[in-house]
Every structure is written in structure tokens, then in C-alpha cells.
Amino acid sequence: MMGNSGPPSLDRIDLEILATLRADGRTSKINLADAVGLSPTPCAMRIERLEAAGFIRGYHADLDLERLGNLSQFVVMVSIKDITPHKSGQFEAIVSRSMNIVACDAVSGAVDYVMRILARNVRHYHEIMEPFLAMELDYTTYPISKNVNDRAEFDLERVLVSNILLNGRCWVRQARSAEPRSF
């Protein structure tokens, strides 16, 4: 699974393990081994390697936030004026201290960051944003009215093959083959 140089490589069985766990993180190791055509021990060893290599970061439940309570969701586009590494670090430190900022990505383009915030209501949202007010930044808030698509399940191998090509060669390797596939 891991090579000496370049990006780490995965074979078809690794991809099948990842895709199966992505679709059903609660599947038993015996069912997972059966689904990918391995006996339980080699399958468990592969899972451990995938976890150790960082391909599997954790196992989570997909929660329906609307059923859990009256939570509002907001997407916030943030632009830091005259951005510097110090200002970025300051911003990211504030983000990391807020449990209500459930996602934050640094992006390229017209804005510097995109945040996703969960709040009880608009007043609570303003309380969450208050620590940022001392910073020189502009932000635009978009309340989320409904979730249209949350790709919780997707064809992992298809996404990898179509999107992660390096110099015309894919880093995904065939099982039992040392050579990368060309496309």
C-alpha cells in the first residue's frame, strides 16, 4: 500500500475496503472481509494500515441535524484584509476554539476562508462571530435553507480514478500488481 516515493498507493482491495466503510462504517470486519474477498485477519491488517497511514481518520454517524433540534446552519465567506501568516494564524486560532464552527476551509480566490456554522438562532450566530470582529475582515453570511446534496455515499473508486491522476498515471494500483494503471 505505501511506496517509497510519491503519493501513497492503494490497490483495488484497499479501495473496496474504503468504499465499503464509507457506505457503512458499522459493517462487521467479517462482513467487510467477505465483501472484499479476503479472510478476516488480512482484512483487519489492511484496515489497520489504512488507519495508520491516515486514509481512515475515524468512524462517524451521519446525523440529521433537523431532527436533533432547532439548529440553524450558516455558510460564511471570509476575506481577511491585507492577509498575512500572522492574521491567518490568529483567525484559525479563533476558529479552532469554537465548537459551533463545524467546518472551515482555506480557499483560493475572492475569499480566504469558507466556514460552516451551527447555531441555535441568529442571535447565537452573532455571538459565535463576535471574536472575529476585532480582526480586519469582511464576511458574507448565507443561511442554509435546505441541504440539496451531501455526498455521504459516492463511488470512491470512480472519483479517485477520474480526479487523482498524476502525470497521466493514477496512483491507485491494481491488486497484486506493482505497476500503476495508465489512462
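In the range 12-36, the residues that are in contact (Cβ under 8 Å) with a residue 60 or more places away in the chain reach residues that are of a type in the set (D, E, K, R) with C-beta atoms within less than 6 angstrom, at least six apart or across chains, in these pairs: Leu15/Glu157; Ala23/Glu153. Close Cβ contacts (under 8 Å, 6 or more residues apart or on different chains) running from residues in the range 119-140 that are more than 15 Å from Met99 (Cα to Cα) to residues that are of a type in the set (Phe, Trp, Tyr) comprise Met135/Phe91; Leu137/Phe91; Tyr139/Phe132. Of all residues in the range 66-83, those being at pLDDT 75 or above and surrounded by 10 or more Cβ atoms within 10 Å (Cβ to Cβ) number 12.
Scanning the range 106-131 for residues that are outside any loop (DSSP other than H, G, I, E, B) and of a type in the set (Asp, Glu) yields Glu127, Glu130.
Is it the case that Gly168 is at pLDDT below 80 and over 17 Å from the mean Cα position of the chain (by Cα)? For Gly168, the condition - at pLDDT below 80 and over 17 Å from the mean Cα position of the chain (by Cα) - is met. Return yes when Val75 is touching a residue at least 40 places away in the same chain (Cβ under 8 Å) and either of a type in the set (S, T, N, Q) or part of a strand (DSSP E or B) (or both) and no when it is not. It is true that Val75 is touching a residue at least 40 places away in the same chain (Cβ under 8 Å) and either of a type in the set (S, T, N, Q) or part of a strand (DSSP E or B) (or both).
The values are calculated or read from the model by the stated rules, or taken from the named source; none is laboratory data. Treat the numbers as computed from the prediction; the structure is a model and nothing was measured. Quick reminder, even Gly has a Cβ in these numbers, built from the backbone with ideal geometry, and neighbours come from all protein chains shown.
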